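The values are calculated or read from the model by the stated rules, or taken from the named source; none is laboratory data. Just so it is clear, the model here is predicted, and its values are computed rather than measured. Please note: Cβ atoms are built from the backbone with ideal geometry, for glycine as well, and neighbour counts cover all protein chains shown. The accessibility values were calculated without ligands, DNA or RNA, using every heavy atom of the protein model including side chains. Shrake-Rupley method; radii C 1.70, N 1.55, O 1.52, S 1.80 Å.
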Amino acid sequence: MITVISATQRTGSLTAGVALSYSQLLDRKHIDNQILYLSDLGPKELFENFNGEFTNSFSELVEKYLKNSEKFVVISPEYHGSYPGIFKSFIDCVGPKFFKTKKVALVGVSSGRAGNIRGMDHMTSLFHHLRTEVYSDQVILSGIERLINDSGQIIDLESLNLINAQIVGFISF
């Protein structure tokens, strides 16, 4: 199972559209996957579970999206030259045991021209600290507004080719 993580708290974000597109591409390759939208977590829910003891609903979320996944794809927008604080808070809340020895692929999303490359470097360091293997073929989606349609789905053929190449490599990683 691959869990695609939309690593932002903003509802209706372009990142969520990219996560959906990624999941659909995995579906076409008959790869079991699911999407975890961090926008579905309320701040209260996340911080209620910060002390190592999870509420029942948070335990179910961790079980479904983290514990039972072998691999992760993190779709992260650029927030002030890095990744969103909600993602770091989520990682801090669940701790390293759900990521240790697993594998992750990174996709950076931005309106600007850098595609969150700096944030992906920060996430690479974070995942290495958690002892998660980071797939080296990272996808950079710069100028995201030009790459998607009104439904938030990726329509740019070059971007779709990059994602498909990442998926093929990540499956065998």
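Yes or no, residue by residue, for (1) modelled with pLDDT under 95; (2) hydroxyl-bearing (S, T, Y); (3) farther than 30 Å from N51 by Cα:
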| residue | (1), (2), (3) |
| --- | --- |
| Y83 | yes, yes, no |
| P96 | yes, no, no |
| I117 | yes, no, yes |
| L126 | no, no, no |
| R131 | no, no, no |
| E145 | yes, no, yes |
| Q166 | no, no, yes |
| F173 | no, no, yes |
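Of everything in segment 82-122, what is touching a helix residue (DSSP H, G or I) at 6+ places or on another chain (Cβ under 8 Å), open to solvent by less than 20 Å² (accessible area, probe 1.4 Å) and either farther than 22 Å from Y22 by Cα or of a type in the set (A, V, I, L, M, F, W, C) (or both)? Give them in sequence order.
F87, F90, I91, C93, V94, F99, V104, A105, L106, V107, V109, listed by residue number.
When you look at I144, is it under 16 Å from S110 (Cα atoms) and open to solvent by less than 40 Å² (accessible area, probe 1.4 Å), yes or no? Write out each step before concluding.
On the way: under 16 Å from S110 (Cα atoms): yes; open to solvent by less than 40 Å² (accessible area, probe 1.4 Å): yes.
Criteria met by I144.
Is it the case that segment 71-83 has a residue that's among the acidic types (D, E) and either without any contact (Cβ under 8 Å) to a residue 24 or more places away in the chain or not in a loop (DSSP other than H, G, I, E, B) (or both)? Break it down stepwise before answering.
Going residue by residue through segment 71-83, those that are among the acidic types (D, E) are 78.
Applying the additional criterion that residues be either without any contact (Cβ under 8 Å) to a residue 24 or more places away in the chain or not in a loop (DSSP other than H, G, I, E, B) (or both) yields none.
For segment 71-83, residues among the acidic types (D, E) and either without any contact (Cβ under 8 Å) to a residue 24 or more places away in the chain or not in a loop (DSSP other than H, G, I, E, B) (or both): absent.
Condition first: surrounded by 14 or more Cβ atoms within 10 Å (Cβ to Cβ) and in contact with a Pro (Cβ under 9 Å, 6 or more places away or on another chain). Now tell me which residues in segment 123-141 satisfy that.
Those that are surrounded by 14 or more Cβ atoms within 10 Å (Cβ to Cβ) and in contact with a Pro (Cβ under 9 Å, 6 or more places away or on another chain): L130, T132.
Taking the condition of being over 26 Å from I117 (Cα atoms) and among the polar types (S, T, N, Q), how many residues in segment 38-97 meet it?
7
For segment 15-53, which residues satisfy the criterion of being of a type in the set (A, V, I, L, M, F, W, C) and open to solvent by 60 Å² or more (accessible area, probe 1.4 Å)?
If the condition is that a residue be of a type in the set (A, V, I, L, M, F, W, C) and open to solvent by 60 Å² or more (accessible area, probe 1.4 Å), then L20, F47, F50 are the ones that fit.
Given the criterion surrounded by fewer than 18 Cβ atoms within 10 Å (Cβ to Cβ) and β-branched (V, I, T), identify the matching residue among I75, I171, I167.
Going through I75, I171, I167 in turn, the sole match is I171.
Can you tell me which residue within segment 62-72, out of those that are charged (D, E, K, R) and in contact with a strand residue (DSSP E or B) (Cβ under 9 Å, 6 or more places away or on another chain), is most open to solvent (accessible area, probe 1.4 Å)? Give the derivation first.
First, pick out the residues of segment 62-72 that are charged (D, E, K, R): 63-64, 67, 70-71.
Add one more test, that the residue is in contact with a strand residue (DSSP E or B) (Cβ under 9 Å, 6 or more places away or on another chain), and what stays is 64, 70-71.
Details: K64: 107, E70: 125, K71: 27 Å².
Filtering first and then ranking leaves E70.
Tell me whether segment 38-61 contains one or more residues that are in contact with a strand residue (DSSP E or B) (Cβ under 9 Å, 6 or more places away or on another chain), outside any loop (DSSP other than H, G, I, E, B) and either closer than 20 Å to I140 by Cβ or touching a residue at least 60 places away in the same chain (Cβ under 8 Å) (or both).
No; the residues of segment 38-61 include none that is in contact with a strand residue (DSSP E or B) (Cβ under 9 Å, 6 or more places away or on another chain), outside any loop (DSSP other than H, G, I, E, B) and either closer than 20 Å to I140 by Cβ or touching a residue at least 60 places away in the same chain (Cβ under 8 Å) (or both).
Looking only at segment 147-162, count every residue that is outside any loop (DSSP other than H, G, I, E, B) and open to solvent by 60 Å² or more (accessible area, probe 1.4 Å) and tell me the total.
Residues flagged as outside any loop (DSSP other than H, G, I, E, B) and open to solvent by 60 Å² or more (accessible area, probe 1.4 Å) within segment 147-162 amount to 4.
Regarding segment 86-107, can at least one residue be identified that is assigned to a loop (DSSP other than H, G, I, E, B), touching a Cys at 6+ places or on another chain (Cβ under 8 Å) and touching a residue at least 40 places away in the same chain (Cβ under 8 Å)?
No; the residues of segment 86-107 include none that is assigned to a loop (DSSP other than H, G, I, E, B), touching a Cys at 6+ places or on another chain (Cβ under 8 Å) and touching a residue at least 40 places away in the same chain (Cβ under 8 Å).
Restricting attention to segment 1-14, and to residues there that are in contact with a helix residue (DSSP H, G or I) (Cβ under 8 Å, 6 or more places away or on another chain), of a type in the set (A, V, I, L, M) and modelled with pLDDT of 95 or more, which single residue is surrounded by the most Cβ atoms within 10 Å (Cβ to Cβ)?
The residue in question is A7.
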